[in-house]
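Q: Dropping the structure in here first, questions after.
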Amino acid sequence: MTRRLLGALFTAATATVLLGATPANAAAANFAGTVALSNCSGSVVKPAATPDTAPALVMSNGHCLETGFPAPGQVITNRASSRTFTLLTASGSNKATLRAQKIVYGTMTDTDVSLYQLTTTYAQIKASYGISPLELSNAHPSAGAAIDVVSGYWKRIYSCNIDGFVYRLKEGSWTWKDSIRYTSACQTIGGTSGSPIISGGKVVGVNNTGNEDGERCTDNNPCEVDQAGNVTVHYKTNYGQETYGIPACLTPANEIALTQAGCALPRP
């Protein structure tokens, strides 16, 4: 979970250098709809079928929750929160402060995701700030697809491709299923946790971790486990979690509905 934990170790001067190192092909994506958290990145997201009158959602990682890391097997739903998020424009400038009213969903089991319901609707955000949400894809991403990992915390875009999918990704006490492995061009750093993974103009995942030291299955050093139980370590390789299953677990009012048909997210 180094995408979050290392965020505070980088100075503003470091961030400026990193912005200068952004790959040239990152121009295809921009920062509109992304947000900066106190320690992570995130984005305002919307399933295609959700009405604009619904309270907006901000998506980040489960390990970015202000309440700390959820324990293995723990699922948080409908917990009050007044957390704030800095909404960014397309160019990456700060546009507005958005506020949560609750954590709709959060977990680090099977996936690593948090969903905050805001006090404002998508329509209100659009009318006040001219910024639309990012659409959550409901289709499984494709191997080889071009992706942009857009960090609101650092105001940096990482561009690469999906290298493949990991049956099980293990890091310390946590295990994630069907994770996205990036090609080497996406060298995400601390503070990029929760960044949306965008492909074809839609959000297909959420950035969450990477192997920092070449260690095997330890904190900050996830390992890959295949269906036969074989373990491999990919040093300096980074990963994200798929999000295509989230729309099936939300009502039109952006409430969590884990018993809804088609919803496969872990339950409390």
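Q: Evaluate the relative contact order of region 197-268 (contact order divided by residue number), counting alpha-carbon pairs under 8 angstrom at least 6 apart; express in whole percent.
A: Relative contact order comes out at 25 percent.
Q: For a quick check: with amide H placed at 1.01 Å from N, whose amide H comes under 5 Å from Ala185's, ignoring anything fewer than 5 positions away on the same chain?
A: Under 5 Å from the amide H of Ala185 lie the amide H atoms of Asn161, each far enough along the sequence or on another chain.
Q: Going toward the positive end of the dipole of the chain, with +1 on Lys and Arg Cβ and -1 on Asp and Glu Cβ, which of Ala143, Asn220, Gly262 do you reach last?
A: Gly262
Q: Then there's this: From the phi of every residue in region 32-44, what ³J(HN,Hα) in whole Hz does the Karplus formula 6.51 cos²θ - 1.76 cosθ + 1.60 yield, where θ is phi - 60° and glycine or proline is x?
A: Once rounded to whole Hz, the list reads 4, x, 7, 9, 10, 9, 5, 9, 8, 10, x, 7, 7.
Q: Take Ser38 and Ser173, extend 7 Å from each Cα along the Cα→Cβ direction, and tell me the distance between the two endpoints in nm.
A: Distance between the two pseudo-spin positions: 2.2 nm.
Q: Further question: I want to check the label-to-label distance for Asn230 and Gln101. Put each point 7 Å from Cα in the C-beta direction and report it in nm to one decimal.
A: For the pair Asn230/Gln101, the computed spacing is 5.1 nm.
Q: Top mean-square fluctuation among Leu98, Leu87, Leu115, Gaussian network model of the chain, C-alpha springs under 10 Å?
A: For the chain, modelled as a Gaussian network with Cα springs under 10 Å, the answer is Leu98.
Q: So if I place +1 on the C-beta of Lys and Arg and -1 on the C-beta of Asp and Glu, and nothing else carries charge, what would the dipole magnitude of the chain be about its Cα centre? I want it in debye, nearest 20.
A: I would put it at about 600 debye.
Q: Within the accessible area of the chain, what % is carbon and sulfur when the probe is 1.4 Å and the other protein chains stay in place?
A: 51
Q: Moving on to the next point. Hey, can you find the accessible area per residue of the chain for me, probe 1.4 Å, expressed in square angstrom?
A: 39
Q: Whose amide H sits under 5 Å from the amide H of Ala32, counting only residues 5 or more places off or on another chain, with H placed in the peptide plane?
A: Hits under the 5 Å cutoff: Ala90.
Q: Hey, got the dipole for region 92-237? About the Cα centre, +1 on K and R Cβ, -1 on D and E Cβ, debye to the nearest 20? Could the numbers behind the result be given before it?
A: Details: 13 positive and 13 negative charges, 133 e Å.
Using Cβ point charges on Lys, Arg, Asp and Glu, region 92-237 gives about 640 debye.
Q: Taking Lys177 as the anchor, which lysines have their alpha carbon closer than 25 Å to its alpha carbon, excluding any fewer than eight residues away along the same chain?
A: Counting by Cα, and skipping residues close in sequence, Lys177 has these lysines nearby: Lys46, Lys202, Lys236.
Q: What relative contact order, as a whole-number percentage, does region 150-228 give when Cα pairs under 8 Å and 6 or more residues apart are counted?
A: 32
Q: Let me check against my output: what whole-number percent is the relative contact order of the chain, with C-alpha pairs under 8 Å and at least 6 apart?
A: That works out to 23 percent.
Q: Could you order peptides 100-112, 180-192, 45-57 by the average number of other Cβ atoms within 10 Å of their residues, highest first? Don't skip to the end; give the middle numbers.
A: Details: 100-112: 23.5, 180-192: 21.9, 45-57: 18.3.
Ranking, from highest mean packing down: 100-112, 180-192, 45-57.
Q: Moving to a separate point now. Calculate the FRET efficiency for Tyr129 and Glu66 from the Cβ-Cβ distance with a Förster distance of 30 Å, rounded to the nearest 0.05.
A: 0.80
Q: What's the extension gain from Thr121 to Ala145 if we count 0.36 nm per residue and subtract their Cα-Cα distance?
A: Working: separation 24, 0.36 × 24 = 8.64 nm, distance 3.15 nm.
Extending this stretch completely gives an extra 5.5 nm.
Q: Going by amide H atoms built from the backbone, whose H comes under 5 Å of the H on Arg156, apart from near neighbours?
A: The answer is Ser151.
The values are calculated or read from the model by the stated rules, or taken from the named source; none is laboratory data. It should be emphasised that the depicted structure is a prediction, and the values quoted were computed from it without experimental measurement. A quick note on method: Cβ atoms are made from the backbone with ideal geometry, for glycine too, and the neighbour counts reach across all protein chains shown. Please note that ligands, DNA and RNA were not included when accessible areas were found on the heavy atoms of the full protein model with its side chains. Shrake-Rupley method; radii C 1.70, N 1.55, O 1.52, S 1.80 Å.
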